[in-house]
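Only one structure is covered here, and it is reproduced in the block below.
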Amino acid sequence: MATTYYFDRDTKVYMHAPLAAAGTKNMFWELPVLDGFSFSQATNASEITLNQAQSTGGVSLRARQMFNDSYAPAEWSFSTYMSPYTSAGGTQGTAGIGDATDGDHREVSEALWAMFFDQTVNGALTSDATDLSISPGNSNKATIGIFDLYFVFGAGKVLESGGKPASNYADGAQKIYRVKDCSVNEASFDFDIDGIATVAWSGQGKLITEESALNMNTGTWTIDGSDITPSTQLITEGIENTTGFIRNRISDLTLTGQFAAASAATYVTTLTGGNITMSNNLTYLTPETLGIVNQPLGHITGTRNIGGNFTCYLDNVGSGSAELFEDIIESTSDISNSCSVTFDIGASTAPYTKIVMPTAHLEVPTITIEDVISLETNFHALPSAISTTDEITVFNFFGKDVNA
């Protein structure tokens, strides 16, 4: 029998997530991940050593023993392109969210965004013919969305029909690994002006297992209290849409705020780079019962952090970067400053996305001495009140026609 080898170029990644009921995983998404994905799990072990003097026979025991205490949470990470599109409608695999209306705005990683902010996909996403909006309104929870990730090695060799595998994946032809009960801990993307808008995702899960098969084409799931048997449980629409990529180079940034040293003003800067990072600061809980190899019970959320930095050239245009630097550094009486930060990634021409942080704290910019003098400014998105969840009030995707 010939030896089978597996290559990352032939790998596909699937996500099994809850639509409307937390903890009920009933829809699959294919995630078009980039090279560099990883998943792993380690064990926590105890080492027992002996430390004694020499016996009358000249012997001193020097051995050791090892015991497996528990499994550490599984770690996973990968990157996806930020790629919005408008649905073609019909039986495209989007019937589980909304009504699969032709022209509704969607994004290939929308389920991951939903799991970062909410416990269900439907709870975080609102899609219509105007945009796809992601809401953090339900993110003040002790736990966030729980889903499964499947890494299928050799899946790229399977013939497809209608955007889904022609047959179920089975061990032997493919290697199927499942990361059970995952949660998204962090989402981060960089403004590389010569690149495409890319999001780096990372998180944890309970356990990694090898599966004998993966069936995503049959079954019944429930939405709004009714059992529905769809033509497919697998959403693949948009993953091959090459018109949906967002170019970072045509992005822009607008800041609106009032500092002690100046009246209310709007600053417009041209980005040369930057980063936005969002973190749930998850902690996984694991029992410590003696005589048992304990497994992680699940996660609890920590402080929700949203922030990052941006860089721009130092210029002397009106309401430009030099004026922003001056107003911040001279506002010596400001205990905290508040500035609305709007990132327009893609410059308002579909496909693009708009991110608004209405209450951001800006640190004093750092002047960087290079061939062209630049500014680097750190920012921290904050809620309008300690109990609210409006650090990001607008997180909208505007898609390109999937059939274009």
Specify whether the C-alpha gyration tensor of the chain places it in the rounded, prolate or oblate class, a ≥ b ≥ c being the square roots of the eigenvalues: rounded for a/c under 1.5, otherwise prolate if a/b is larger than b/c and oblate if not. oblate
With charges set only on the Cβ (+1 for Lys and Arg, -1 for Asp and Glu), what does the dipole of the chain come to about its Cα centre, in debye to the nearest 20? 1440
Taking 0.36 nm per residue of separation between Ser331 and Thr272 and subtracting their Cα-Cα distance, the length gained on full extension comes to 18.7 nm
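Within the set of other residues whose C-beta is less than 12 Å from the C-beta of Ser384, count the net charge using Lys and Arg as +1 and Asp and Glu as -1.
Summing Lys/Arg as +1 and Asp/Glu as -1 gives -2.
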Ascending count of other beta-carbon atoms within 10 Å, so fewest first, for Leu362, Leu271: Leu271, Leu362
Cα-based Rg / Dmax (Å) for segment 1-138: 24.9, 88
Listed with the fewest Cβ neighbours within 10 Å leading, Val179, Val364 appear as Val364, Val179
Less than 11 Å Cβ to Cβ from Ser46, Lys/Arg counted +1 and Asp/Glu -1: what total charge do the surrounding residues give? -2
Past the 21 Å Cα-Cα mark, which pairs from Lys180/Lys354; Lys25/Lys180; Lys12/Lys354; Lys12/Lys400; Lys141/Lys354? Lys180/Lys354; Lys12/Lys354; Lys12/Lys400; Lys141/Lys354
Which order results if Val293, Val341 are arranged by neighbouring Cβ count within 10 Å, fewest first? Val293, Val341
When 1/r is averaged over all different Cα pairs and the result inverted, which Kirkwood radius in Å belongs to segment 248-401? 17.6
Segment 334-404-segment 234-250 distance, computed between alpha-carbon centres (Å): 22
Candidates Gly205, Gly320, Gly238; GNM for the chain (alpha-carbon contacts under 10 Å) flags as most fluctuating Gly320
Run the numbers for Ala173 and Ile386: contour at 0.36 nm per residue of separation, minus the present Cα-Cα distance, in nm. 71.4 nm
Contact order normalised by length for segment 248-401, with contacts defined as Cα pairs under 8 Å and 6 or more residues apart; what percent is it? 24
Net charge within 13 Å of Ser77 by Cβ-Cβ distance, Lys/Arg positive one each and Asp/Glu negative one each, not counting Ser77 itself? -3
Most mobile listed residue (Gly154, Gly145, Gly291) in the chain, GNM with C-alpha springs under 10 Å: Gly291
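All of the numbers you see were taken from the coordinates with simple rules; none came from a lab. Note that this is a predicted model, so its numbers are computed, not measured. In this analysis, Cβ positions are derived from the backbone assuming ideal geometry, glycine residues included, and neighbour counts consider all displayed protein chains.
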